[in-house]
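**Q** Have a look at the structure that comes next, please.
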Amino acid sequence: MKPVSKIVQIRELLAEKFPNVRIASEPAPVRDMPVWPTGLWPLDNTLPGGLPRGSLTELTAPNDAWGSALVLRQLIRQAAASHQWLALIDGADSFDPAPFDNATLEHLLWIRCANAAEAVKAADLILRDGNLPIVVLDLVMNSARELRKIPSSTWYRFQRLVEDGAASFVAITPTPMASSAKHRIFLRGKMPVDAFIRTDAELIGRLVIENAEVQHELELEARHA
């Protein structure tokens, strides 16, 4: 399917889901809270209480790390629990909706993309629309070759788009690449051997989440040790 056709489908889906939305030229409504609490305490404690509104947060999960899917599932559940919509732009069509009930999925706009280029175009459209309070761009399963083709200017354009509204925008990447991100969070550590028999609630306590600034300080200390 051609990218133009996919964009038309996204617009039609938005019109169907939000029949009474304001026109895109109107400013996004201002939320009372400057952050959106994710309900994931290791992440909220690392951030200023939650995902900042009107800015880009990068969640980086290296190939040897784990936890990005766990965090994504929590974001989706929290959005449903708080009666808000979450747009998931799935860069490699890798999202599995099986763990969720219908009530949770009713608050999810899932945009399935075949590659990173399609995902970037979809993110641009969603952010310009400005109606969705939580937008997640998941590129963690896309190849390095695809990701290298994303110009650095793309991230600055995304930041300009999101700062005009009140959305919390999250990019999940396998390596740091969102140069305009206000916060960059790393997921560290190996997947526990018993992960497949544990619940998400049990696994959350085992997540190793680090702020990029803290990680940089640790690297500097190690060099001078």
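**Q** Among the residues of the range 151-166, which ones are surrounded by fewer than 19 Cβ atoms within 10 Å (Cβ to Cβ) and in a loop (DSSP other than H, G, I, E, B)?
**A** If the condition is that a residue be surrounded by fewer than 19 Cβ atoms within 10 Å (Cβ to Cβ) and in a loop (DSSP other than H, G, I, E, B), then 151, 164 are the ones that fit.
**Q** Could you please tell me which pairs satisfy a Cβ distance under 6 Å, a separation of 6+ or placement on different chains, a first residue in the range 157-170 that is under 7 Å from residue 56 (Cα atoms), and a second residue that is in a helix (DSSP H, G or I)?
**A** Once the first residue is under 7 Å from residue 56 (Cα atoms) and sits in the range 157-170, its partners that are in a helix (DSSP H, G or I) give 169/162.
**Q** If you don't mind, another one. Is one or more of the residues making up the range 150-157 of a type in the set (Phe, Trp, Tyr), more than 25 Å from residue 45 (Cβ to Cβ) and modelled with pLDDT under 90?
**A** No, because not a single residue in the range 150-157 is of a type in the set (Phe, Trp, Tyr), more than 25 Å from residue 45 (Cβ to Cβ) and modelled with pLDDT under 90.
**Q** Here is a follow-up. Is it the case that some residue within the range 84-107 is in contact (Cβ under 8 Å) with a residue 40 or more places away in the chain, under 12 Å from the mean Cα position of the chain (by Cα) and assigned to a loop (DSSP other than H, G, I, E, B)?
**A** Yes, the range 84-107 contains a residue that is in contact (Cβ under 8 Å) with a residue 40 or more places away in the chain, under 12 Å from the mean Cα position of the chain (by Cα) and assigned to a loop (DSSP other than H, G, I, E, B).
**Q** Okay, moving on. Sort out which residues of the range 167-222 are assigned to a loop (DSSP other than H, G, I, E, B), at pLDDT 70 or above and touching an Asp or Glu at 6+ places or on another chain (Cβ under 8 Å), and write them in order of number.
**A** 176, 177, 178, 181
**Q** Here is a further query. State yes or no: is residue 60 in contact with a Lys or Arg (Cβ under 8 Å, 6 or more places away or on another chain), surrounded by 22 or more Cβ atoms within 10 Å (Cβ to Cβ) and over 21 Å from residue 166 (Cα atoms)?
**A** The answer is yes for residue 60.
**Q** Same structure again: Being at pLDDT 85 or above and either polar (S, T, N, Q) or in contact with a His (Cβ under 7 Å, 6 or more places away or on another chain) (or both) is the filter here, so list the residues in the range 9-51 that pass it.
**A** 38, 45, 46, 47
The values are calculated or read from the model by the stated rules, or taken from the named source; none is laboratory data. Predicted model, so just to flag it, every value in this text is computed and none were measured. As a convention, Cβ positions derive from the backbone with ideal geometry for all residues, glycine included, and neighbour counts pool all protein chains shown.
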